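The values are calculated or read from the model by the stated rules, or taken from the named source; none is laboratory data. Note that the structure is a prediction, hence the values are computed from the model and not measured. Here the Cβ positions follow ideal geometry from the backbone for every residue, glycine too, while neighbour counts run over all protein chains shown. Only protein heavy atoms, including side chains, enter the accessible area calculation; ligands, DNA and RNA are left aside. Shrake-Rupley method; radii C 1.70, N 1.55, O 1.52, S 1.80 Å.
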Amino acid sequence: MKKIEPFKNPNDAISILDNGGRFYNILTRADDGIISKAELGKVGGLFNDQQQMILFLELSLAQLDKTQKAEVLSKLDENLKETYLKYKPQEFLPSQVQSTGIKAENTIITGIPKLTESKNDFNGFIMVPIMTGSVTTFTMIPIMDRYDVYEIRDQESDITFLIAHIKGSQKLPENRVKIAGVLKELKDDKNQEIAEKLFLESVYYIDL
């Protein structure tokens, strides 16, 4: 989990994102009015994870209004525009995700997270890969063995949704935040979906 400091205005966003990329990106130039994947990846500290790049970009622009955001997005090159449209996250309140969210899709949720300490509160399992030589198999482990688990609350309805991030990451504050990640499914101990119960594997957040 990584906290992002969003851009305050479109000029700063364009100036920082139009950076020429890393030294080996010989086909990109700084300040040419075009933002490429290489340049976005440099700012986000990312390389090939396109889905995560778009999560980073979307939260970075979260405090701009629609006109300002459109100004920045107009500078994306064609390749990055296609990637943005493919992975653009849906935004939800916690009360909306379970009925509307789609597994494996980029998603942003706004609410107040609260860390869950007790394993007795959840019986969900996740599938994790295990490498044996060149063969990959999967096993199930309790979600709380791998993740710090939170309930994020919808202030209006008081409905909560489950979010999680890898243990050892920075803990989330108990105040209103936007959290970006990928929706995944919980399973029971018989490797069955729990009534299509989803959770958000979170990657980034911003304070509100």
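Annotations for the structure displayed:
- Taking region 24-47 as the range and being open to solvent by 40 Å² or more (accessible area, probe 1.4 Å) and under 29 Å from LEU208 (Cα atoms) as the test, the residues that pass are LYS37, LYS42, VAL43, GLY45, PHE47.
- Check on THR83, over 18 Å from ALA30 (Cα atoms) and either exposed (fewer than 15 other Cβ atoms within 10 Å of the Cβ) or in contact (Cβ under 8 Å) with a residue 60 or more places away in the chain (or both): no
- Conditions (1) in the same structural domain as ILE34 (by the TED database); (2) in contact with a helix residue (DSSP H, G or I) (Cβ under 7 Å, 6 or more places away or on another chain): number failed by SER157: (1)
- Residue selected from region 94-106 under the condition in a helix (DSSP H, G or I) and open to solvent by less than 70 Å² (accessible area, probe 1.4 Å), by the criterion nearest to VAL182 (Cα to Cα): VAL97
- All of ALA180, ALA164 fail the test of being open to solvent by less than 20 Å² (accessible area, probe 1.4 Å), free of Cβ contacts under 8 Å to residues at least 40 places away in the same chain and not basic (Lys, Arg), apart from ALA164.
- Cβ-Cβ under 6 Å pairs, at least 6 apart or on other chains, region 1-25 side on the phi < 0 side of the Ramachandran plot, far side in a loop (DSSP other than H, G, I, E, B) and among the basic types (Lys, Arg): ILE14/LYS75
- Elements of type helices (runs of 4 or more DSSP H) contained in region 1-93, each with 1 or more residues being over 18 Å from GLY181 (Cα atoms): 10-17, 37-44, 66-73, 78-87
- Filter result for ILE130 (hydrophobic (A, V, I, L, M, F, W, C) and within 22 Å of THR100 (Cβ to Cβ)): no
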